[in-house]
1. Could you list all residues from the stretch 245-274 that are more than 23 Å from Asn198 (Cβ to Cβ), of a type in the set (S, T, N, Q) and either open to solvent by less than 40 Å² (accessible area, probe 1.4 Å) or not in a strand (DSSP E or B) (or both)?
2. Quick check on the stretch 149-207: of everything there that is among the small types (Gly, Ala, Ser) and under 18 Å from the mean Cα position of the chain (by Cα), which residue is farthest from Gln301 (Cα to Cα)?
3. Return the only residue of Tyr114, Tyr134 being of a type in the set (Ser, Thr, Tyr) and farther than 21 Å from Leu395 by Cα.
4. Tell me the residue from Ala100, Ala109, Ala116 that is aliphatic (A, V, I, L, M) and either open to solvent by 40 Å² or more (accessible area, probe 1.4 Å) or part of a strand (DSSP E or B) (or both), please.
5. Restricting the stretch 230-239 to residues that are assigned to a helix (DSSP H, G or I) and open to solvent by 40 Å² or more (accessible area, probe 1.4 Å), which is farthest from Phe327 (Cα to Cα)?
6. Please indicate, with yes or no, whether at least one residue in the stretch 303-317 is open to solvent by 20 Å² or more (accessible area, probe 1.4 Å), closer than 29 Å to Gly185 by Cβ and either in a strand (DSSP E or B) or of a type in the set (A, V, I, L, M) (or both).
7. List pairs: first in the stretch 223-237 and under 14 Å from Phe256 (Cβ atoms), second part of a loop (DSSP other than H, G, I, E, B), Cβ under 6 Å, 6+ apart or cross-chain?
8. Return the only residue of Ile226, Ile189, Ile242 being in a strand (DSSP E or B), open to solvent by less than 20 Å² (accessible area, probe 1.4 Å) and β-branched (Val, Ile, Thr).
Amino acid sequence: MIRHMIAFAPSTPKLGEFNQLRGVLSGLMHFCDKGMHFAYNLDMCFENVAGMPLKRHLYADDEKFERDVFRCLDGYFSHHLLVPKVFVTICSPEDADDAAVNVDAVCRAVKNYYAAYGIGRVVTVAVNSSVYNYRFADVVHVCGHLMSEEKRQMLEADAKLKKKIFVSEGIIHNMSRVFIRQKFGQPKIQKVLAACRNGRPNVVFVLGGRVAGPEIRLSLNNAENIFRRAQQLAQRNYNVIIVNGPRTPNDVTDYFYEQSVASGEKIRFYNSKQVGRTNEECQSEKWRIYSGRYEEVFLRQAVEFGNIYPGVLGLENTLVVHTFDSFSYCETAACGIPTAICREAEVDCTVRPDCYRLADQLTAAGYAIDFADFDAGTEPRDLKLKVLPNVNFLLAEKIIGRLSEV
């Protein structure tokens, strides 16, 4: 019986990936009541001493790469007394072609470190990776919407590989009903959402946005179409709330705020982007930070109640509508919250077919509805959608299973 366990991972500058790492931890914590103590180490991430990502394809050879991994682990253990039993590495979409090689290389280096210092056994875990003949990764998570038919056939034909790989519906995330209830229960959130607790159904639009490249965009034309649907729902007696996100362009943010003000509070908009406070933060290349005409308004919102998301998800009888460029719809679908996927975003299917695949998979399986098919005739609580299986828990079960092996 495993009595104690902590996990650690290389750092990532991306908030989404960091939240996925925390999602892996939350899945492992789920097993605390099964005779196991899991220490939630908030500083689970270690920095690369070389100042670059720990990815093998960025290094000239294996020796230099492993030397840096050893130096990183030396730094980690210099201020941590407990030895982790789980090592987690996360793969970035832009490194998809090198993901499998990167995973096996870092897992090999970590196992070599543990062997060199005689500090026991470590289970190595890869998140968001691909099907590959791994030698050093013990548990590999692969998103089903990223798999080709060729890879599916390869996996089915290899029993040994199939034991290592866990294929998920949806993605790993860091959302839970408990967290939503905690945020919703905060007095400041209760105050701002009081007007929506009037017995009417609610709809919450959660906006995605752009990425660094041209393959995903949320344009003003998309925004106009979304707002038109929001107006129709308001006319059907819905409370309507619109929330942006870090990737929502500033001109789109301004548009939704202006239209919400013009609606006379029939439609409410809340900013969830960080607001620029310095000249450096307001540079155009800092597009994840809001800068524009309404900085003062959004700063007042931030002081008054902070980020309303995900507290707003605690409203009863609510349909949450996500633009399909954002996989956050997996979060609400897994929490049992009625979820719709809106195709109003410009996504290049030749570069990001995964956006189309995942949306199609979840709607076809009954975990979410296509927003184009929602006519407001059926209230959210009566949609009878299925709850998406919790990927965090399913992955944790695989990890626990490997830890339990002699």
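1. Within the stretch 245-274, Thr248, Asn250, Thr253, Asn271, Ser272 meet the criteria.
2. Step one: filter the stretch 149-207 for residues among the small types (Gly, Ala, Ser), giving 157, 159, 168, 170, 176, 185, 194-195, 199.
Remaining after also requiring under 18 Å from the mean Cα position of the chain (by Cα): 168, 170, 176.
Working: Ser168: 37, Gly170: 32, Ser176: 24 Å.
Residue satisfying both the conditions and the ranking: Ser168.
3. Details: Tyr134 fails: farther than 21 Å from Leu395 by Cα.
Of the residues listed, the single one that is of a type in the set (Ser, Thr, Tyr) and farther than 21 Å from Leu395 by Cα is Tyr114.
4. On the way: Ala100 fails: either open to solvent by 40 Å² or more (accessible area, probe 1.4 Å) or part of a strand (DSSP E or B) (or both); Ala109 fails: either open to solvent by 40 Å² or more (accessible area, probe 1.4 Å) or part of a strand (DSSP E or B) (or both).
Result: Ala116 is the single residue among Ala100, Ala109, Ala116 that is aliphatic (A, V, I, L, M) and either open to solvent by 40 Å² or more (accessible area, probe 1.4 Å) or part of a strand (DSSP E or B) (or both).
5. First, pick out the residues of the stretch 230-239 that are assigned to a helix (DSSP H, G or I): 230-235.
The next check asks that each one be open to solvent by 40 Å² or more (accessible area, probe 1.4 Å); those that pass are 231-232, 235.
On the way: Gln231: 25, Gln232: 25, Gln235: 29 Å.
That would be Gln235.
6. Yes, there is a match, as at least one residue in the stretch 303-317 is open to solvent by 20 Å² or more (accessible area, probe 1.4 Å), closer than 29 Å to Gly185 by Cβ and either in a strand (DSSP E or B) or of a type in the set (A, V, I, L, M) (or both).
7. Final answer for the pair search is Asn225/Glu344; Ile226/Glu344; Ala234/Lys266.
8. Working: Ile226 fails: in a strand (DSSP E or B); Ile189 fails: in a strand (DSSP E or B).
After ruling out the rest, the residue left standing is Ile242.
The values are calculated or read from the model by the stated rules, or taken from the named source; none is laboratory data. Please read all numbers here as calculations on a predicted model, not as lab measurements. With ideal geometry, Cβ positions are generated from the backbone for all residues, glycine too; neighbour counts draw on all protein chains shown. Note: areas computed on protein heavy atoms with side chains; ligands, DNA, RNA excluded. Shrake-Rupley method; radii C 1.70, N 1.55, O 1.52, S 1.80 Å.
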